[in-house]
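**Q** Next up is a structure, given as structure tokens.
The values are calculated or read from the model by the stated rules, or taken from the named source; none is laboratory data. Bear in mind the structure is a predicted one, so any value in this text is a computation, not a measurement. Here Cβ is always computed from backbone atoms with ideal geometry, including for glycine, and neighbour counts include all displayed protein chains. Heads up: the accessible areas ignore ligands, DNA and RNA and are worked out on the full protein's heavy atoms, side chains in. Shrake-Rupley method; radii C 1.70, N 1.55, O 1.52, S 1.80 Å.
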Amino acid sequence: MLFDTIDSLEEYDENAVKQRLNGEAVAKSFSSSKGRLAELIMRSLDAFHSESSVDAQLRRELHYAELYFKKNLFDDCIKIVMNAKKTAYEYQRYNILLELFPWEKKYLTMNSLTGKTEEDLNAILEEEKAILKILENESEYWNINSRFFLMLNKNGTLRDKNDLDKFNAIIDHPLMKSEKNAVSYLSKFFYLHIYASYYFAIGDYNNSYKFLKKHLELIEAYPQILEQEPANYITVLMNIINSCHLLHKKDEIFKYLKKIRGISKKLPLNKRAFLEIKVFADTYNIELALDIEKGEFKKGMMLLPEIEEGLEQFKGKINKFQETILYYNLSIICFGAGEYSSALKWLNNILNDKNIEITHELYCFSKILNLIIHLELGNAELLPYIMRSTHRFLEQRKKLYKFESVFLDFIKKMSNYPDEREIMNYYKELKIELEALANDHFERRAFDYFDFISWVESKINNKTFDKIVHQKNES
């Protein structure tokens with residue numbers, strides 16, 4: 001009764017549930033009824049997903065081993081334990097392997113160690129020690145990986161020497177000196193992931209691409225693990241595509257896109273739903289990025305109906321970072337097509353989301369793009385307020401680098417109602433300053449977020465932004 005009542009609501013409303021159940025026995029012990037219902041749902045889900053992953057299967061076999069042992073069916077117990085060990089080794093589930101050892105030991109004890117020698121006992125001890133060393137190794141690589149991405153999420157990409165020193169302090173860890181230090185699939189996964197991301201963060205896209213290729217080779221060398229964790233495979237493919245995009249390896253992009261769109265078709269239904277969401281966001285982001293690079297903004301606009309349909313279909317289910325990039329790319333597509341109001345609409349989805357502003361560098365450049373859009377819309381009266389707000393935001397978060405300062409100075413000049421001659425001089429001055437920054441190792445990352453120089457050139461040459469970008473791409 002409680003389940004059906006909750007299920008009939010569009011959104012959960014506890015007061016509405018209580019009103020509908022008023023007078024029923026379930027309403028008199030509402031809190032405990034909710035607890036029992038939750039327990040029943042979880043048991044049903046547990047049964048339904050019992051074959052959904054190797055971890056679930058191994059956990060079930062662990063429970064079976066316990067049940068056999070309690071029934072004094074020791075031979076059945078050890079049989080299932082040894083089969084589970086074989087599977088755990090195959091899928092490198094070392095944490096579950098450790099839980100299997102006690103049952104093997106209990107079996108030997110119950111059989112008075114019949115037929116066993118001291119060498120046999122030492123072999124079991126050494127095997128367990130080896131597993132513990134592997135788990136320690138994985139744990140240390142997880143810690144390095146987590147500390148690196150914690151800093152990366154807070155600071156964004158490399159923008160000064162201080163950032164470089166922080167990144168290098170993590171990369172200088174003894175375990176990062178050689179891939180040979182990584183003794184398992186998971187440790188190697190972390191090792192390659194860290195280096196690929198490190199080189200990307202410092203703007204060395206060639207080395208990032210090399211490590212991403214190694215990362216992909218690692219995953220493809222373990223098809224049984226790939227099937228269990230396909231999302232990791234797609235993430236690496238997306239990162240390679242992004243590197244190919246930055247390195248202008250356009251032919252490779254479509255090869256990897258094909259791999260991504262084909263992977264979900266090979267998976268069972270219980271894994272396909274989640275991947276469809278990830279594939280939707282990732283592949284459309286790539287298509288939009290390619291259209292942006294080539295200056296084919298009107299072509300990108302043709303994807304809008306499909307993307308809007310997908311955003312509605314997967315509402316609340318798309319990874320926040322993927323969704324943010326999608327909004328940003330859509331904003332640039334609309335901007336390049338001259339649809340400035342639509343560009344602002346998509347950008348506001350980012351600017352109005354307070355949950356992402358602290359961690360994502362993309363939010364900072366959304367602030368900059370916001371100023372450009374308002375400039376194009378002729379909202380001169382709003383520019384001083386938006387500029388001060390942006391300046392304050394960047395300064396508070398220590399994101400006010402040379403690029404941001406140069407651009408905000410330009411907006412300040414433009415908000416003072418200059419005449420036509422002054423406006424042209426301001427654009428020419430801005431172009432000179434931006435071109436100098438584009439050659440600065442610590443500042444050039446800003447130009448990956450938006451083609452600021454082409455936008456300035458479109459004003460100086462009195463041409464549309466899309467035409468300038470398209471001409472550059474052609475040449």
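**Q** Is there a pair in Lys161/Lys463; Lys250/Lys463; Lys86/Lys116; Lys70/Lys188; Lys210/Lys431 whose C-alpha atoms are over 32 Å apart, and which pairs would that be? Don't jump to the answer; show the numbers that get you there.
**A** Working: Lys161/Lys463 38 Å; Lys250/Lys463 27 Å; Lys86/Lys116 21 Å; Lys70/Lys188 40 Å; Lys210/Lys431 34 Å.
In this structure, Lys161/Lys463; Lys70/Lys188; Lys210/Lys431 lie more than 32 Å apart at Cα.
**Q** Another one. Give, in nm to one decimal, the length gained when the segment between Arg261 and Asn153 is fully stretched (0.36 nm per residue of separation minus the Cα-Cα distance). Please list the in-between numbers first.
**A** Values: separation 108, 0.36 × 108 = 38.88 nm, distance 2.81 nm.
Gain on stretching Arg261 to Asn153: 36.1 nm.
**Q** Exposed loop GluC sites (Glu not before Pro) only (DSSP loop, at most 10 other Cβ atoms within 10 Å): please give the longest stretch of the chain free of them, not including the sites.
**A** Working: sites that count: Glu10, Glu11, Glu381.
The segment 12-380 is the longest one with no such site.
**Q** Once you have all Cα-Cα distances for the stretch 1-107, histogram them in 10 Å bins from zero and send the whole-percent values.
**A** 13, 30, 19, 15, 18, 4
**Q** Convert each backbone phi in the stretch 180-190 into a coupling constant with the Karplus relation 6.51 cos²θ - 1.76 cosθ + 1.60 (shift: θ = phi - 60°), then list the ³J(HN,Hα) values in order as whole Hz, x for Gly and Pro.
**A** Working through the residues one at a time gives 5, 6, 7, 9, 9, 4, 5, 5, 5, 4, 5 Hz.
**Q** Counting other C-beta atoms within 10 Å, and keeping those with at most 10, which DSSP coil chymotrypsin sites (Phe, Trp or Tyr not before Pro) do you find in the stretch 309-393?
**A** none
**Q** Hey, what did the chain get for relative contact order, percent, Cα under 8 Å, at least 6 apart? Let's see the in-between values first.
**A** Working: 409 pairs, mean separation 46.2, N = 475.
Once divided by the residue count of the chain, the mean separation gives 10 percent.
**Q** Quick check on the chain: helices-only [θ] at 222 nm, where DSSP H runs of length 4 and up contribute -39,500 (n - 2.57) each and the sum goes over total residues. Nearest 500, please.
**A** Numbers: 25 runs with 357 residues, N = 475.
Rounded to the nearest 500, it is -24500 deg cm²/dmol.
**Q** Take the alpha carbon atoms of the stretch 398-475, find their center, do the same for the stretch 52-70, and report the distance between the two centers in whole angstrom.
**A** Cα centroid to Cα centroid, the span is 62 Å.
**Q** State in Å² the accessible area per residue of the stretch 216-260; use a 1.4 Å probe, count heavy atoms of protein chains only, and round to the nearest integer.
**A** Values: 2030 Å² over 45 residues.
In whole numbers, the stretch 216-260 has 45 Å² accessible per residue.
**Q** How many angstrom lie between the C-alpha centres of the stretch 272-306 and the stretch 185-210?
**A** 25
**Q** Moving on. Rounded, prolate or oblate: which fits the stretch 26-173 when a ≥ b ≥ c are the square roots of the eigenvalues of the alpha-carbon gyration tensor, with rounded for a/c under 1.5 and prolate only if a/b beats b/c? The partial results should precede the final answer.
**A** Working: a/c = 3.37, a/b = 1.27, b/c = 2.65.
It is oblate, given that a/c is not under 1.5 and a/b is not larger than b/c.
**Q** Mind giving me the nanometre distance, one decimal, between the label points for Ser31 and Glu118, set 7 Å out from Cα along Cα→Cβ?
**A** Once both label points are built, they end up 6.1 nm from each other.
**Q** Given the options Gly203, Tyr89, Leu67, identify the residue whose Cα lies farthest towards the positive end of the charge dipole of the chain (+1 on Cβ of Lys, Arg; -1 on Cβ of Asp, Glu).
**A** Tyr89
**Q** Still on this structure, I have one more. Binned at 5 Å from 0, what are the whole-percent values of the Cα-Cα distance distribution for the stretch 340-475, short to long?
**A** Whole-percent P(r) values from 0 Å outward: 2, 9, 19, 24, 23, 15, 7, 2, 0.
**Q** Go through Lys71/Lys129; Lys166/Lys345; Lys255/Lys294 and tell me which ones have a Cα-Cα distance over 27 Å in this structure. Numbers along the way, then the final one.
**A** Details: Lys71/Lys129 30 Å; Lys166/Lys345 37 Å; Lys255/Lys294 19 Å.
Listed pairs above 27 Å: Lys71/Lys129; Lys166/Lys345.
**Q** Now a separate question. Within the chain, what whole-number % of the accessible surface is contributed by carbon and sulfur, with the 1.4 Å probe and all protein chains included in the calculation?
**A** Values: 13030 of 25390 Å².
Its accessible area is 51 percent carbon and sulfur atoms.
**Q** What is the ratio of the Cα radius of gyration of the stretch 319-376 to 2.2 N^0.38 Å, where N is its residue count, to two decimals?
**A** On the way: Rg = 10.5 Å, N = 58, 2.2 N^0.38 = 10.3 Å.
Ratio of Cα Rg to 2.2 N^0.38 Å: 1.02.
**Q** Find how much the distance from Asn111 to Asp13 grows on full extension, using 0.36 nm per residue of separation minus their present alpha carbon separation; answer in nm with one decimal. Can you show the working numbers first?
**A** Values: separation 98, 0.36 × 98 = 35.28 nm, distance 5.79 nm.
Here the segment from Asn111 to Asp13 would lengthen by 29.5 nm.
**Q** Lys and Arg at +1, Asp and Glu at -1: add these up for the other residues within a Cβ distance under 14 Å of Asn439 and post the number. Intermediate values should be presented prior to the final figure.
**A** On the way: positive: Lys402, Lys431, Arg444, Arg445; negative: Glu433, Glu435, Asp440, Glu443.
Surrounding charge for Asn439 is 0.
**Q** Note down the magnitude of the dipole of the chain about its Cα centre, charges +1 on Lys and Arg C-beta and -1 on Asp and Glu C-beta and zero elsewhere, to the nearest 20 debye.
**A** The dipole magnitude comes to about 200 debye.
**Q** Let me ask you something else. Can you tell me the Rg and the Dmax, both Å, for the Cα atoms in the chain?
**A** Gyration radius and largest Cα-Cα distance of the chain: 28.3, 98 Å.
**Q** Ok, one more. Whole Å is fine, so just give me how far the alpha carbon centre of the stretch 91-164 lies from that of the stretch 313-355.
**A** Value for the Cα centre distance between the two parts: 42 Å.
**Q** So what's Rg/Rh here for the stretch 379-425, counting alpha carbon atoms and using the Kirkwood radius for Rh?
**A** On the way: Rg = 11.6 Å, Rh = 11.3 Å.
Here Rg/Rh amounts to 1.03.
**Q** Please work out how much length the chain gains when fully extended from Asp440 to Ala38, using 0.36 nm per residue of separation minus the C-alpha to C-alpha distance, in nm with one decimal. All intermediate terms of the calculation are to be shown ahead of the outcome.
**A** On the way: separation 402, 0.36 × 402 = 144.72 nm, distance 5.68 nm.
Result: 139.0 nm gained on full extension.
**Q** A further question follows. Considering only protein heavy atoms, what per residue accessible area in square angstrom results for the stretch 289-379 with a 1.4 angstrom probe? Display every interim value, and only then the final one.
**A** Working: 3810 Å² over 91 residues.
Ligands and nucleic acids excluded, the result is 42 Å² per residue.
**Q** At 7 Å along the Cα-to-beta-carbon direction for both Trp142 and Lys249, put a label point, then send me their distance in nm to one decimal.
**A** 3.1
**Q** Something else about it: For the stretch 429-474, report the translational diffusion coefficient in µm²/s to the nearest whole number, using Stokes-Einstein at 20 °C, 1.002 mPa s, and a Kirkwood Rh over Cα pairs. Kindly include the intermediate steps, with their values, before the conclusion.
**A** Values: Rh = 11.0 Å.
It diffuses with D of about 195 µm²/s by this estimate.
**Q** Taking each pair of distinct Cα atoms in the stretch 202-300 once, what is the resulting Kirkwood hydrodynamic radius in Å? Intermediate results must be reported in sequence, preceding the final value.
**A** Values: mean 1/r = 0.0705 Å⁻¹.
With all distinct Cα pairs of the stretch 202-300 included, I get 14.2 Å.
**Q** On to the next question. Report relative contact order for the stretch 1-139 in percent, whole number only (criteria: Cα-Cα under 8 Å, sequence separation at least 6).
**A** Values: 74 pairs, mean separation 21.1, N = 139.
Here the relative contact order equals 15 percent.
**Q** Do any trypsin sites (Lys or Arg not before Pro) in the stretch 337-419 lie in a DSSP loop with no more than 13 other beta carbon atoms within 10 Å, and if so, which?
**A** Working: sites: Lys345, Lys354, Lys367, Arg388, Arg392, Arg397, Lys398, Lys399, Lys402, Lys412, Lys413; in loops: Lys354, Arg397, Lys398, Lys399.
Of the trypsin sites (Lys or Arg not before Pro), the ones in loops of the stretch 337-419 whose Cβ has at most 13 other Cβ atoms within 10 Å are Lys354, Lys398.
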